[in-house]
1. How far is it, in nm, from the label point at residue B:401 to the one at residue A:215 when both lie 7 Å from their Cα along the line to the Cβ?
2. Let me know the mean shielding of A:92-103 by other chains, meaning the per-residue number of their Cβ atoms within 10 Å of its Cβ.
3. What ranking do B:251-263, A:104-116 get when scored by the average of other Cβ atoms within 10 Å per residue, highest first?
4. May I ask you to give the solvent-accessible area per residue for the protein assembly as shown, in square angstrom, as obtained with a 1.4 angstrom probe?
5. Just checking the output field for B:508-517: average partner chain Cβ neighbours within 10 Å of each residue's Cβ?
6. Counting only other chains, what is the mean number of Cβ atoms within 10 angstrom of the Cβ of each residue in peptide B:480-486?
7. In Å and from the alpha-carbon atoms only, list the Rg and Dmax of the range A:114-157.
8. Could you state the principal axis extents of the C-alpha atoms in the range B:170-270, from the largest down, to the nearest angstrom?
Amino acid sequence: MKTTFTQANAVTLAFIMVFFTLSLSSCSKDDGDNNVTPELEVKTVEDLDGSKTRVLLDDSGNPITNENGDEVLVPIRAYFDFSAGKEVDSTSTTWDIKFDGTTLSFGNGAEAQLVEGIFDNYVTAPSTGFSTENMAGSGTWYNYTATTDPQHAILPIPGKILVLKTHDDKYAKIELISYYRGNPDTSAEAFKDFMNRPDSKVYTFRYVVQPDGSTNLK
Amino acid sequence: MSRKLALVYLLILWSSSLTAQEVVSESDTLKNNPLDEVVITATRTDKKIEELPIPITTVSSREIQNRGMVRLNEILAEQTGLALVGDHGTGVQMQGFDAQYTLILIDGEPVIGRTSGTLELSRITMANIDRIEIVKGPSSSLYGSEAMAGVINIITKTPPKGVFAGISTRYGTNQSTDVSADGSYRTDKLTISGFANRFSNAGYSLMPESGFQTVAPFAAYTATGKAGYKFSDKTNVNVSLRYYANSQDDRYGVENRVVSGKGLQRDFSIFPSITHRFSEAHTSMLRFYRATYRTESSISYEDTKELYDETYFDQGFTRGEFQHDYEIRPDIVVTAGIGYQHETVEATRYDDKMSFNSGYGYIQADWTLLNRLNIIAGGRYDMHNVYRSQFSPKLAASYQLNKKFTLLVSASRGYKAPDFRQLYLNFTNAVAGYSVFGYEDLQENLQRLQDEGQISEVLIDPSTLSSLNSESSWAYNVGVRMHPADKLIANVNIFRNDVDNLISTASIATKTNGQSVFSYFNRNAVFTQGGEADITYLLSNTLEVGGGIQYLEAKDVDEWNMVKEGRAYARDPETGRTVTVKKSEYGGLLNRSKYMANARISYYETRTGIRLSLRWNYRGRYGVRDVDGNGIVNLDNEFVKGYSLVNGSIYKSLFNNTLRIQFTTDNILGFTNNEYISYLPGRLVYGGLSYRFNK
C-alpha cells in the first residue's frame, strides 16, 4: 500500500491536535483584593519565646534526675494578655492564650475561633462560634509539611485569622506569622535543613484589639 | 570529556573505513509499520496494536540498543507522557499518577519490592528484553490492584533457533559499568536460555562540598534463566527464574556525625507455566508465580562504631492463576481467569509477620463487528481478607473510520489496594520525633504512647474511624490513531481520571515533644486530565523523526474548590501580607508538569554504516514545596523551573552485525539540580562494545 500524505489528511491531523489542545485550556478570571485602611492600631509581636525550659525540682527544691543522671527539663510556655498587649507568666490571671508548642489554649474565660479571610479586610468579629477548646493539629492554624519541602516544618496558614474574645470581653483578631525565632525566610536553603533550623515554639504574630467591647475590628 | 568524545568518534569513523560498504539489510532499516506489532498486555491475549481500542505503545529492544540504554529508567525517561520522579528511588509518573499507581510486570508477572510506593526502575536490565509494552489508563479489569495509571510490561527475549551467545558492555562516567552475557539454545521442541548482568556505579555527589554522595556506590547482579519444552503442537511448558542482588555503600551525616554501612537487596522469582490448546477454539494456561524481595541495612557511627540504625524488610508474593481463552466465533473471543494470591511482609517497622490473602476472577469479551468496530468489555472482581472487595469493569471500543483514522474510546475503573505500610506501619522517626502508624494497629499503638505519657492531645479518636479502603478511580480515554500516510504514524489521546478515597497521612494526635502522630486516611479526591500526542515520520529508509507532547492538569478537588471560591490564601513573599491565590497561580499536585515534550531523530548513514540517534526531552516546571504554609503550590519559588535533557548516541556494526561499537552521551547539556532532582547526575559519557555469536 502506497498512499501519499495529502493536504486533506494534514488538515485533519492539525485540526485534531489544535482541538485537543484548546479543549483542555480554560480561561480564568481572578478578583483583585480590596484593601481596607485600618482604623485600629495593628500591633506586631516578634519572637514571643515559648521554647525555654527549666529544671524540674522536687518538693525540697532539689533537681530531679532521670535514669541517666541527667536533670529533667520541663518547658516554660508563653502566655499572652491581649488586652494589656503584653506577655505574662503562668501565674497570671489575665492571660488569654497559652502558646504550648503547636497547641493554643485559652484561659481565664477567653474564647476563640478560627475564621478565613484577609487579616486587614476582616472588620467584624462574629457574635457566636467561640469556644474555650484547644486549637491543635495540622490544618487548624498551621500546616505541618511532613515530607514536603521544607520538611517537618510548622507553617502558619495564610488566611487563617484567630478571632479572640479576651478574658475581659474585648474582641481581637490575630494573625500568626511564624513559629520560628527571627521569622526566617521559609523559602531559604538554610530553612530546608530541619536539623539546623532556628528555634521553634518562638512566635511572631500581628493583632488588633477593639478596646470598646464592640465587634468592630476595622 | 570532549577529547574522549572526539577519540571515540574517530575510532568509529576509522573502523567504518575498514569494512566495505555494507548493504542496508532488513535489520538496518528503521521501523516497519509499528501498528502491525502483536502485543499482549492490553487484553492478555495476542493482538495487533492496530486492532486494539486501548492506548498502547511499545519500545523495541532495537530502539533501546540504538539509544545505548541499559536500564529501564533510561528508556522510560524518553517516552511521551512519562516522567521520572524521585521518591525513595526513581519511579515513573503516568497520566499524572505517582509511581505507586503503575504496575510493572516482567512477562506478565508483577515485580515486587517497593519503597514508599516506588519501584526502583534501574533494578530492571534492558539487555535481555524483546520489547516494553506500555498501556495507559487503568487495567485493573485484568490486573487488579496498582494498575490504576497503567501497566508497563517488560517482555523478555525468546531466543531464535540454533545456538546463540553474546556479550555486551558499557562503561562511562562515575565508573558506571554494565556487563551482560547471554547464551541460548533452541530446537523444534526445546528452548534454553541464560543471562547474567553486572551493573555498578561509583556513585556521585551533586554537592561535593558536603563530603557525601548524593547517590551511593553500588553493584547489582541479575541472573535469569528460561526453559521451555513443546510436548506437541498443543502443549507447551515454560519456566523462568530471575535473581537480582544489589549491594550499596551508604554514608551520610547525622547531627554532625558521620554514619555509614551497607544496604543489601535481593529478589528472586520463579514462574512456571503450562499452555494447552484443546482445539482451534479453546486454549488454557495455568501459571504459578512466586517472588521474594528482601532488604537489609546496617548503619553505624564511624567514630564510635556504635550502631545507628539496623533495618530489614522481607516480602513474599505467591500466586496461582488459570486462564482460558475461548474463540466462540472468529470475531468473538472470550478470556476468563481465576487466581489466588498470598502476600506476606515482615520488617523492622512492622510488629509481626503480616499476610494478605486474596482471590480474584476476571472475564473479558473481545468482539469485532463489520471489520471496523471492535468492542472489549470486561471486569475483574477482587476479594480480600483485610479490606473491602473491589469490582473493576472496563469498556473499550475502537472504530476504524477509514484506513487512515481509527477512533478509540474507553471507560474503566482502576483501583489500588492499601499497602502493608498503610495498614501496619509502626514507625517513629528518632531524629524528628514524629510517629506514623498504619490503620490496622493504630488504636493499640496510640494507647501504648498514651500509657507512656507521650501524648498531649488526641485529635481524632481512632475508634470513630471507618476502615481503610482501596483507592479507586474512573478513567476515560478518547483518542485517534492515525496512519495518514505510509510512513507517518500519529496518536492522540485525551484522558481524564477521577480518583476517590486517595490515601494520605493526617495527624491524629499531638505528642508532648511537640511532634505529631500520623496515620493513613481515605481523605482526598483528585483528578488528572490532559492529553498527549505523538508522531513518528519516516522521511526516508534511513531517516526517522518524531516527537511528542503531553498537557496535564493534576489537581486536588478540595484545594481546587477553595481556589475557585477564593478561599485559598497565600502569604506574599515580599510584603508578608495575606493575599488570595488566583486560579492561574494554583500549581496542582506536587511533581506534575503541565507541559512535557520530546523530539527525536535517528539517522542511518549507509556509506559508513554509522547510526546516529539524538533526542530532546523537555519537562515543564512543576511544584516541589510549600513555603507559605497554605498547603498548596502557588508561589513561583515553590516550583522547579522547566528543563531540557538532550541525549545522543552513535554506533556502528561490524563484521556482519556481530560486533558493535557504541558511544553515548546522556544529558549533553549537563543539566543538574542539586536541590530537587537527585537522580540527574549531569553529563554522562559512555562507550559500549558488544559481540554476538551464532552457530
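1. 6.1 nm
2. Taking all residues of A:92-103 together, the mean is 2.
3. Working: B:251-263: 13.8, A:104-116: 18.0.
For the peptides B:251-263, A:104-116, the packing ranking is A:104-116, B:251-263.
4. Solvent-accessible surface per residue comes out at 44 Å².
5. Details: counts 1, 2, 9, 1, 3, 2, 11, 5, 8, 0.
Mean partner shielding for this stretch: 4.
6. Rounded to a whole number, the mean comes out at 5.
7. 13.7, 39
8. Per principal axis, max minus min of the Cα coordinates gives 68, 26, 15 Å.
The values are calculated or read from the model by the stated rules, or taken from the named source; none is laboratory data. Just so it is clear, the structure is predicted and the values come from calculations on it, not from any experiment. Ideal geometry is used to build each Cβ from the backbone, glycine not excepted, and the neighbour counts take in all protein chains shown. Side chains included, ligands, DNA and RNA excluded: accessible areas come from the protein's heavy atoms. Shrake-Rupley method; radii C 1.70, N 1.55, O 1.52, S 1.80 Å.
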